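The structure under discussion appears below in the form of structure tokens.
The values are calculated or read from the model by the stated rules, or taken from the named source; none is laboratory data. These numbers were taken from a predicted model, which means no experiment stands behind them. Because the Cβ atoms are built from the backbone with ideal geometry, glycine has one as well, and the counts that use them run over all protein chains shown. Protein only, heavy atoms only, side chains kept; ligands, DNA and RNA dropped before computing areas. Shrake-Rupley method; radii C 1.70, N 1.55, O 1.52, S 1.80 Å.
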Amino acid sequence: FAEALKGVACDCVDINVHTQSAAADIFACLLAATKGSKISGGIYFDPIGVLSAKGELCRSLQCAFDEMFEMSAFAAENTPEFGTIGVDTMAYSSAGASAVEELGAAFATAVAYLRAMLERGMDIDKVAPLVRFRFAIGSNFFMEIAKFRAARTIWSRIVEQFGGNEQSRKIRVNARTAFYNKTVFDPYVNMLRTTTEAFSGVVGGVDSMTVGAFDEIVRTPDEFSERISRNQQIVLQEECNLTDVIDPAGGSYYVEVLTKELAQKAWEFFAEIESRGGMAEAVKSGFVRGKI
């Protein structure tokens, strides 16, 4: 970590680390490397996501929840801007999930984590700000914009139901360009796809973003392809000035209606998962996989 973060202004840049089903040791190493500096971003510790993607977990969920609680209790007091609970939907997106299914699965997972932390004694206003979402950005331009806007509405409603205050209802979203629609045979076309995906992510209001290199599904990205993927974001931010406007799609009749319909359908799917015992049970029974 000390080598990876050399020259990085940790107080200005989100650091997002994807750890799958274990995280405490990685969190400890990151804290040691940053030596007390203020850090933002999060550890994407998502055991239910691993269970969904791989069909198994190397330990019990309760054991994973215990680790999540210890990290979250520490972070709430010492690094409140750095999340310790992750919800990653890349596996659902890559498996063919619609925007409705992606949102429903994400929030059912998040609710499972909230409940586990509250049962162990945390306060909703301490734990909700520690949740980080990573959504895929697909190629359906307006649907993706609506997805991120709907996500804010749904998360606010969920945290409100748990008794969270206004500050706790704010969602923290990292987005990543999708894998499923990238071509091996003409990888330069992927530059166009990741650009429109990044565009929709910015307009949708994500907090941070990863633009995949155009050749990442063919080989390990080289210096050129990584430079291109960074510059795609910089052009959107610095030359198109897209981040200077709050909610650029707000007021568009089409986007507003699409957002409302998407939020409603996603809530219905979320409620269906809850009626089946929650996300962990819905994954184990094959319900979520069958829906996708």
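Summary table below
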{"item": "Single match in Glu261, Glu197, Glu160 (criterion: buried (at least 16 other Cβ atoms within 10 Å of the Cβ), part of a helix (DSSP H, G or I) and of a type in the set (Asp, Glu))", "result": "Glu197"}
{"item": "Only listed residue being outside any loop (DSSP other than H, G, I, E, B), touching a helix residue (DSSP H, G or I) at 6+ places or on another chain (Cβ under 7 Å) and either within 24 Å of Ala99 (Cβ to Cβ) or open to solvent by less than 60 Å² (accessible area, probe 1.4 Å) (or both), chosen from Phe133, Phe179, Phe214", "result": "Phe133"}
{"item": "Residue that is most open to solvent (accessible area, probe 1.4 Å), among those in region 29-66 that are in a loop (DSSP other than H, G, I, E, B), charged (D, E, K, R) and more than 16 Å from Val8 (Cα to Cα)", "result": "Glu56"}
{"item": "Yes/no for Ala106 being open to solvent by 40 Å² or more (accessible area, probe 1.4 Å), in a helix (DSSP H, G or I) and at negative phi", "result": "no"}
{"item": "Test: Phe69 is modelled with pLDDT of 95 or more, under 17 Å from Ala128 (Cβ atoms) and either open to solvent by 60 Å² or more (accessible area, probe 1.4 Å) or touching a helix residue (DSSP H, G or I) at 6+ places or on another chain (Cβ under 7 Å) (or both)", "result": "yes"}
{"item": "Odd one out for Ile246, checked against (1) part of a helix (DSSP H, G or I); (2) under 21 Å from Ala146 (Cα atoms)", "result": "(1)"}
{"item": "Count of region 72-103 residues which are touching a helix residue (DSSP H, G or I) at 6+ places or on another chain (Cβ under 7 Å) and part of a helix (DSSP H, G or I)", "result": "11"}
